[in-house]
Amino acid sequence: MEDAERRRSRTAVSTALGFVSIACWSTSIAFARSLSVRLGPVTAGAAVFLLAGVLGCGWQVFSRGGFRRILRMPRAYLWGCGAIFVTYEVALYLAIGAARSSQQVFEVGVLNYLWPGLTLVFSIPILKRRARLWLVPGMVIAFTGALLAMSQNRPLSWSGVAESLAGSPVPYLLGLVAAVTWGLYSVLARKWAGEADDTAVPLFFLATGVAFCLLRLVVHEESHWGTPALLELAFMALVPNLLAYSFWDFAMRRGRIILVAAFSYLIPVFSTAVTSIYLKERPTVSLWIACGMVVAGAVVCKLSISDD
C-alpha cells in the first residue's frame, strides 16, 4: 500500500514539474532571438548550453554523487536521446537565428510547437497507446495552422506557402526538424529511461554546447557582449534550459505523459504572447488564428488517444 502511495506521489510531482517546464519554455523563443541578435545564433547556443551544462554537471557532482549513476542509465537513452536532444537544439537555434524578421520568428515558433501533437502521434507506435480516427483530423488541423502561419498574413494557399518557402526556406525547415525531434525525444525518454532515478540532461547540455563550438569554427559571427547579453545568457541557461529540460525529462519518464502533453498545447499561445512583449512586435491576426489551430489540433489528437 505504501509503495502504491509513493508511486502516486512521485507521478504527481513529476507531472507538476512538467507543467513548470512548459511555463519556463514559453520564454525561450523570445530570449533566444534577442540573444542570437546580440551574439549570433551559434555563439549564443554555445554559450547558453555550455553554461547550463557546467552548472548542471556541477550540481550532479556535488549533490547527486557524481556521474556513476548517470553512466549506469540505459545506453539507448544516453546515446539515442542525447543525439536527438543535440539535433533539436541546434535546429531550433539556427532556425531562430536565420529568421529574417521578428514576424518570421513568430512563424518558426508556431512550427516548432507542433511537437505536442507529434508527441502524441509518436506515442502510438513507440509507447503502444491506442488511438481513434480523430487523430487524423487533429493533425490536419494542426498542420494547417502551421501552414497558415507560414503564409505571412496572406490568404492560405499552396502558392502562398510556396512563395514563403522560396523566399526563406531554411528557418521553416529547421523549425519542422525541431518539432519532429522533440516529439521523438519526449516519447523515447519515457521508453528508454522511464523508471530511472537520474537524468542525463546536464550531459546533453554539454554535448550541445560542444556541437555549437564545433560549428562556430566554420561559421563567422560578430558578437556584441555587454550587460544585456550576459543577463539574457544567465536567464537562458537557468530557466528555459537547466530547470525546464530537467523537469520535462522527469515528467516524460515518470509523470502522466498525456496530461502533461495536453497542457503543453498552450505553449504556442504563451510563447507568442511573451515574444510579442519582449521583442516589442505585434503578431498578425492570422498568426493568432494559426496558434489557435495548432492548439485545437493538439486537443483533438489528445481526445483520440487513451492515457493508459
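The values are calculated or read from the model by the stated rules, or taken from the named source; none is laboratory data. Here the structure is a predicted model, which is why all the values come from computation and not from measurement. A quick note on method: Cβ atoms are made from the backbone with ideal geometry, for glycine too, and the neighbour counts reach across all protein chains shown.
Looking at region 200-225, I want the residues that are of a type in the set (Asp, Glu) and have a partner that is modelled with pLDDT of 90 or more with Cβ atoms under 7 Å, at least 6 apart or on another chain. Which pairs are those?
Glu221/Gly40; Glu221/Val42; Glu221/Thr43; Glu222/Gly40
Step by step: first the residues of region 273-308, then only those that are of a type in the set (Ser, Thr, Tyr) and at pLDDT 90 or above, then the one that is nearest to the chain's Cα centre (by Cα). Which residue is that?
Ranking the candidates gives Thr275 first.
Looking only at residues that are surrounded by fewer than 18 Cβ atoms within 10 Å (Cβ to Cβ) and of a type in the set (A, V, I, L, M) in region 69-91, which one is farthest from the chain's Cα centre (by Cα)?
Leu71
Being in contact (Cβ under 8 Å) with a residue 12 or more places away in the chain, of a type in the set (D, E, K, R) and surrounded by fewer than 17 Cβ atoms within 10 Å (Cβ to Cβ) is the filter here, so list the residues in region 8-45 that pass it.
Listed by number, the list holds a single entry, Arg10.
Please find, among Ala189, Ala149, Ala200, Ala178, the residue that is among the aliphatic types (A, V, I, L, M), surrounded by 19 or more Cβ atoms within 10 Å (Cβ to Cβ) and modelled with pLDDT of 90 or more.
Only one candidate passes the filter, namely Ala178.
Looking at Val42, Val54, Val86, Val37, which one is assigned to a helix (DSSP H, G or I), at pLDDT 90 or above, under 19 Å from Val274 (Cβ atoms) and not polar (S, T, N, Q)?
After ruling out the rest, the residue left standing is Val37.
Write out, first by first residue and then by second, each pair whose Cβ atoms fall under 6 Å of each other, whose residues are 6+ apart or on separate chains, and whose first residue, in region 157-175, is more than 16 Å from Leu114 (Cβ to Cβ) while the second is at pLDDT 85 or above and assigned to a helix (DSSP H, G or I).
Between residues of region 157-175 that are more than 16 Å from Leu114 (Cβ to Cβ) and residues that are at pLDDT 85 or above and assigned to a helix (DSSP H, G or I), the close pairs are Val170/Ala98.
Looking at Glu5, Glu89, can you tell me which residue is free of Cβ contacts under 8 Å to residues at least 40 places away in the same chain and either within 23 Å of Ile267 (Cα to Cα) or among the acidic types (Asp, Glu) (or both)?
Just one listed residue meets the conditions, Glu5.
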